[in-house]
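First comes the structure, then the notes that go with it.
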Amino acid sequence: MLQLLVSGCVRGLRAGVGVRGLLPLHPASPATGLGNPGLSPSRQASNTPRNQPPKADFVARSVGICSMMRLPVQASPEGLDAAFIGVPLDIGTSNRPGARYGPRRIREESVLLRPANPSTGALPFQSLMVADLGDVNVNLYNLQDSCRLIREAYQKIVAAGCIPLTLGGDHTITYPILQAMSEKHGPVGLVHVDAHMDTADKALGEKLYHGSPFRRCVEEGLLDCKRVVQIGIRGSSLTLDTYSYSRSQGFRVVLAEDCWLKSLVPLMGEVRQQMGGKPIYISFDIDSLDPAYAPGTGTPEIAGLTPSQLDLGQALEIIRGCQGLNVVGCDLVEVSPPYDPFGNTALLAANLLFEMLCVLPKVTVV
């Protein structure tokens with residue numbers, strides 16, 4: 001078996017696939033969790049070839065460890081320009097659980113992804129060193145402690161100059177991530193794509209859950225509120241408080257009804273002007289999409305955005321509309337595999353994460 005894997009490495013190397021791509025053994029185990037002992041970190045020399053996803057015409061898609069796009073896995077962000085990180089947490093959910101399994105399933109479906117983006121001309125792996133950093137070792141019995149663990153993990157990532165692309169996990173995780181982001185970048189702009197505002201104050205007496213992360217962020221000064229846009233908002237609501245709260249903070253709120261039957265390219269032109277050249281963060285909740293396309297989520301809402309070019313490609317237009325902005329981090333949250341029997345939601349999530357990678361600063365576009 002080992003000989004076969006080595007042979008596969010050699011074939012992959014001839015196709016521009018580094019041998020490193022088949023070395024890691026436990027991509028999502030606590031051993032590779034940030035801050036824990038695991039695979040030894042490596043600083044890439046300037047003349048070292050960048051990591052490349054294995055090509056399916058040289059390495060079968062069913063071969064290899066389960067990492068994002070079958071990229072190499074390493075324990076340290078040192079030497080990386082960007083990295084995929086899983087945060088398998090769902091104890092902040094208010095309805096259907098299961099998002100703790102999101103990172104694993106997204107990685108499984110990402111095997112279909114290829115390294116080039118013909119639609120935009122982006123070639124991220126020719127310009128960035130990218131790897132999978134495994135999962136944050138969260139505490140599934142304590143949400144506050146999990147947020148601490150997430151914050152500490154992302155402090156290390158951000159300090160290393162690595163841009164995180166996060167596989168969630170419920171939307172609670174964005175709060176500690178932005179705590180870490182603000183330590184380096186100060187208050188950041190936010191492109192928030194979601195069916196829900198996530199600016200509630202509390203539920204069942206608790207101020208920390210997936211419906212409140214951005215209210216907590218505002219309270220701690222983590223967001224540049226004049227550079228926050230929320231897109232795709234819809235559905236019934238307990239009260240109108242979250243709507244009035246967001247607007248009172250200076251957020252731009254774009255309801256789903258304002259997106260129906262139209263391209264979002266003009267909207268994103270306005271968003272780019274609003275964001276300017278300062279750091280921004282992209283937070284994409286999969287429930288922003290209509291459940292006809294993304295049923296595998298905890299709080300689905302009807303009449304949502306659409307993902308495909310055939311249906312105006314609203315999800316793609318939003319992410320691709322961020323090209324040229326100073327994107328310092330991204331997340332894709334709320335994929336719940338128990339409600340995604342055929343993997344379509346996770347496959348959609350994997351593609352959206354790839355699109356986020358393609359709009360990062362310094363990505364080669366031809």
Residue list for the stretch 193-252, filter: assigned to a strand (DSSP E or B), more than 22 Å from the chain's Cα centre (by Cα) and closer than 20 Å to residue 93 by Cα:
203, 206
Residue that is most open to solvent (accessible area, probe 1.4 Å), among those in the stretch 336-359 that are without any contact (Cβ under 8 Å) to a residue 60 or more places away in the chain and not polar (S, T, N, Q):
342
In the stretch 253-285, anything assigned to a strand (DSSP E or B) and free of Cβ contacts under 8 Å to residues at least 40 places away in the same chain is listed as 254, 255
Just to verify a result, which residue in the stretch 212-230, among those that are in contact with a Lys or Arg (Cβ under 9 Å, 6 or more places away or on another chain) and open to solvent by less than 30 Å² (accessible area, probe 1.4 Å), is farthest from residue 302 (Cα to Cα)?
222
Any idea which residue in the stretch 73-123 is modelled with the lowest pLDDT, counting only those that are under 29 Å from residue 48 (Cβ atoms), surrounded by 24 or more Cβ atoms within 10 Å (Cβ to Cβ) and not hydrophobic (A, V, I, L, M, F, W, C)?
74
Quick check on the stretch 231-243. Is at least one of its residues among the hydroxyl-bearing types (Ser, Thr, Tyr), open to solvent by less than 30 Å² (accessible area, probe 1.4 Å) and in contact (Cβ under 8 Å) with a residue 40 or more places away in the chain?
yes
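Going by the conditions given, is residue 161 part of a loop (DSSP other than H, G, I, E, B) and not charged (D, E, K, R)?
Judged against the criteria, residue 161 is a match.
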Residue 313 vs. criteria out of contact with any helix residue (DSSP H, G or I) (no Cβ under 8 Å at 6 or more places or on another chain) and on the phi > 0 side of the Ramachandran plot:
yes
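The values are calculated or read from the model by the stated rules, or taken from the named source; none is laboratory data. Just so it is clear, the structure is predicted and the values come from calculations on it, not from any experiment. Virtual Cβ from ideal backbone geometry, glycine too; neighbours counted across all protein chains shown. Accessible surface areas use protein heavy atoms only, side chains included; no ligands, DNA or RNA. Shrake-Rupley method; radii C 1.70, N 1.55, O 1.52, S 1.80 Å.
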